[in-house]
Each structure stands twice: as C-alpha cells, then as structure tokens.
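Working notes for the structure below.
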Amino acid sequence: MSEVAKYNFAPTTTVDAPSSPAEPHSHAAVRGSRPPRRPSALHPQGLGRILASFGSHILVPLFLAVGMGLAYLGAFHAPTPHDLPVGIVGQTPATQVFAQTVTDRSDGALVAHVVPSTEAAEQEVRDRELAAVYAPTATDATLYVSTAASETTASAAQKVFLPIAYRAHLPLAVRDVVPTGAEDTTGQGLFFLLVALSVGGYASAIAVAAFATRLRPLWTAVVGLATSGVVAGIGIVVAGPLYGIITTHRWEVFLFAWLYDAIIVALGVGLHPVLGRWTTPILTMLFVMLNFTSSGGIFQPAFQPGLFAGLNTFWSGAAWLQAAQDLLYFPGASLGRSSLVLAIWLAVAVLLCVVVHGLVARKARVAREREVTRLEEEAVVAA
C-alpha cells in the first residue's frame, strides 16, 4: 500500500441511530422549554386552583368586616342630636322668646316647643312626643325625661339644660317620668334581646333553608314557624324569668318576637335558593349591620346619621323594639304602626318564598321533562 493510499481518508457517511424513547430530552428541547416545577411547600400542586378557591371563600368574611365597620362606625362614631324635640314650660311671651332662642343657638340640634304646664310636660314625655321638657321657675328648674324611652337621650338632655339652668342661677332637678326597670338600669335590655332574637333568627333561617328543598311548601312553613317560635321563646325566657328585664306583657312581647323571627326565617328560606352561601352575609347585613344601628336601642333617630334615621321609620328591628318598649313601659301607646311594619315585612318575605320556590320548582320540572325527552329519543334511535 502506498503512502498516499495509506493516509488518504475518504469522507464517510454515518447514520445516527434513532434516539431511544427513554432518552430524556434533546439539546433543542432543553434550550426551548423549562421542565415542570416539582411540587414543594412553597409551590404546592394546583396552586392556582387553591388561590382561586381561597379568593372566592375569603370574599364573605371580607364583606362582613367592611360592612360591620361601615355600619357601626358610621352610625355610632359621632352621635350628635339633630332636630331633637324638647319643650319649655311657660305661657308668657318671654317663654316663646326663650324657646326660639334655644332652637336658634342649638344650630339645628334642638327644636324647642312651648308647653303650657308641668302636667302637660309629663304627658308629652310619657307619650314620647318630646324627648325632654325644661320647666324653670323663679327659684329652681325641673327637667322631665324618660330613661325608659332612651337613657342616652335623657343624658344628652341633661347636658343641654344643665348649663342653661346654671347661667340662670337655678338649681336643676331631673324627674324621670318613665324610668326603666330595676333589672334594666341602662334601658338597653330590650335592645340586647333584639340582638339575641336576630342572631338566633338568621342562624336558624340557614338551617331551615337547607332542608326546605326536601320538604313540601306546607311543611317548610310549619318548620319555619316552629323554629322561629322556639327562638323567640328562648329569648323571652332569658329576658323574663331569668334576668327580670321583661316583667309584664310577656306573652304579647313573645308574639311580637315570634313574628319578628318568622320574618327572618322566611327571608332566609326565600333567599337561599338564589344566593346560596351568600345568604348568611346578606341576612347579616339586613339584620345586624342595618338593623341594630337603626333600631334606636343605643341612640334614638335624632342622634343618628340620615341613612340610619331613615331606616328607623320602616325597618323591622326598630318596629319590634318600639312595640316591646310600648308594651313594657308605655302601656297606653298604640301598637298599630309597629304591627303594620312587621306585617308588611312578613308579607314581603312570604311572597319572596312563593316566587323563588315556584321558579325553582318550574326549573326542576323543565329539567325532568328534558331528561325524559332525551331518554325517549335515545330509545327510538336504539330501536
């Protein structure tokens, strides 16, 4: 073999063996894509779905946190009177001037009316027409108030008229025309009973609504009425024989409490098919956020912002509280307005139940008819 042939290496063609399926990745694949992230404590498997689920569930407590803060702080953070009706006892032109002066200098906080006598002053306070009546004489002054109507309003009236009596060098005596009971010195026992009735009512409403779809409408109504009656009965027993807050007219107060809780249960049953798990926060908004703040149990409407003072005129909690106060402390007062407000609420709640559950039943019937039609068509095709 010559030297040339010895060292003349002709180019040769080589065929790459097919890559094995078990081969991990080619260089191009490694450069073009990232391997999937392995699950870890910081990055668990399905992190996106977990975050989405958490976001949907956290909306309810965030709604409650925002709503409670706005409602309670909005209603109670700066209670100041506006157009609070008060009276001045007297029959002279000087009394007219004095009453107008009190109104003008209050800058919208008070509206002073002239009352002819101390007997009329007591009656005006007893009828809850006036929050307080100031009766000055040549040697002293008396302030007529009612702690049963509102202890906070009575205290505010004293702060208003005490400086007036002091400037006139008149010793001021406070006469409580309608005092609270011995076991309810703050006059807020009925308000806290309203809290118990409301919380027990909307918690029971969720339980009744969960089983309403399994019962016929008649049985749903029976269960709802029985449950609301039990909640109302528990509240009356606790506030009556146990703590002595309700000393008279217990059966009448119980019937109003039963009606009030029946409204809450009926609304829960009506809303649940539409709102699902949002039923609880919506009931909380209706019967806690807006209800307690507008009821007048802590501050009367004259001390509330416009929204809550407006709600007081037609909200169910305010109607129940006024009826309970009238029965317990003001037996001569008319219950007509409170009864009408609660009756309208119950009618609306029952109508909501009828409409919503009628639509649900219709939807279920249509779904069954479609399923029957589909099965019949499949049977025809199979034949």
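The values are calculated or read from the model by the stated rules, or taken from the named source; none is laboratory data. This one's a predicted model, so the numbers in the text were calculated from it and none came from an experiment. Positions of Cβ are generated from backbone atoms using ideal geometry, with glycine treated the same way; all protein chains shown enter the neighbour counts. Areas reflect the complete protein model, heavy atoms only, side chains present, ligands, DNA and RNA absent. Shrake-Rupley method; radii C 1.70, N 1.55, O 1.52, S 1.80 Å.
What to note about this one:
- Thr95 being part of a helix (DSSP H, G or I), more than 31 Å from the chain's Cα centre (by Cα) and surrounded by 15 or more Cβ atoms within 10 Å (Cβ to Cβ): yes
- Near pairs, Cβ below 7 angstrom, 6+ apart or cross-chain, from region 164-177 (of a type in the set (Gly, Ala, Ser)) to any residue that is open to solvent by 50 Å² or more (accessible area, probe 1.4 Å): Ala173/Asp140
- If you go through region 225-244 and keep only what is open to solvent by 60 Å² or more (accessible area, probe 1.4 Å) and hydroxyl-bearing (Ser, Thr, Tyr), you end up with just Tyr243.
- Meets criteria (closer than 24 Å to Met68 by Cβ and aliphatic (A, V, I, L, M)) for Ile263: yes
- Options Val195, Val160: the member that is at pLDDT below 95, β-branched (Val, Ile, Thr) and buried (at least 17 other Cβ atoms within 10 Å of the Cβ): Val160
- Within region 204-224, considering residues that are surrounded by fewer than 16 Cβ atoms within 10 Å (Cβ to Cβ) and part of a helix (DSSP H, G or I), the one nearest to the chain's Cα centre (by Cα): Ala207
- Taking each residue of region 190-214 that is touching a residue at least 12 places away in the same chain (Cβ under 8 Å) and looking for partners that are in a loop (DSSP other than H, G, I, E, B) and among the small types (Gly, Ala, Ser) with beta-carbon atoms closer than 6 Å, six or more apart or interchain, yields Phe191/Gly297.
- Checking each residue in region 60-91 for being outside any helix (DSSP H, G or I) and either over 25 Å from Ala141 (Cα atoms) or in contact with a Phe, Trp or Tyr (Cβ under 9 Å, 6 or more places away or on another chain) (or both) picks out His77, Ala78, Pro79, Thr80, Pro81, His82, Leu84, Val86, Gly87, Ile88, Val89, Gly90.
- Only one of Phe161, Phe76 that is within 34 Å of the chain's Cα centre (by Cα) and aromatic (Phe, Trp, Tyr): Phe76
- Scan of region 112-129 for residues that are among the hydrophobic types (A, V, I, L, M, F, W, C) and open to solvent by 50 Å² or more (accessible area, probe 1.4 Å), ordered by number: Val114
- Test for Leu352: is it open to solvent by 30 Å² or more (accessible area, probe 1.4 Å), within 16 Å of the chain's Cα centre (by Cα) and not acidic (Asp, Glu): no
- In region 119-145, the qualifying residues are those that are modelled with pLDDT under 95 and of a type in the set (Ser, Thr, Tyr), and the one that is farthest from the chain's Cα centre (by Cα) is Thr139.
- Any hit, region 245-265, residues being assigned to a loop (DSSP other than H, G, I, E, B), in contact (Cβ under 8 Å) with a residue 40 or more places away in the chain, touching a helix residue (DSSP H, G or I) at 6+ places or on another chain (Cβ under 7 Å) and open to solvent by less than 10 Å² (accessible area, probe 1.4 Å): yes
- Annotation note: Cβ proximity below 7 Å between a residue of region 64-76 that is farther than 16 Å from Ala309 by Cβ and a residue that is assigned to a helix (DSSP H, G or I) (sequence gap 6+ or interchain) occurs for Leu64/Pro281; Leu64/Thr284; Gly67/Met285; Gly67/Met289; Met68/Met289.
- For Ala221: the one exception among (1) among the aliphatic types (A, V, I, L, M); (2) under 27 Å from Leu290 (Cα atoms); (3) touching a residue at least 60 places away in the same chain (Cβ under 8 Å): (3)
- Given (1) closer than 22 Å to Gln188 by Cβ; (2) open to solvent by 20 Å² or more (accessible area, probe 1.4 Å); (3) without any contact (Cβ under 8 Å) to a residue 40 or more places away in the chain, index of the condition Ile298 fails: (3)
- Counted residues, region 175-192 - those being surrounded by fewer than 17 Cβ atoms within 10 Å (Cβ to Cβ) and touching a strand residue (DSSP E or B) at 6+ places or on another chain (Cβ under 8 Å): 2
- Restricted to helices (runs of 4 or more DSSP H) entirely inside region 285-383, those with at least 3 residues that are modelled with pLDDT under 90 are 336-382.
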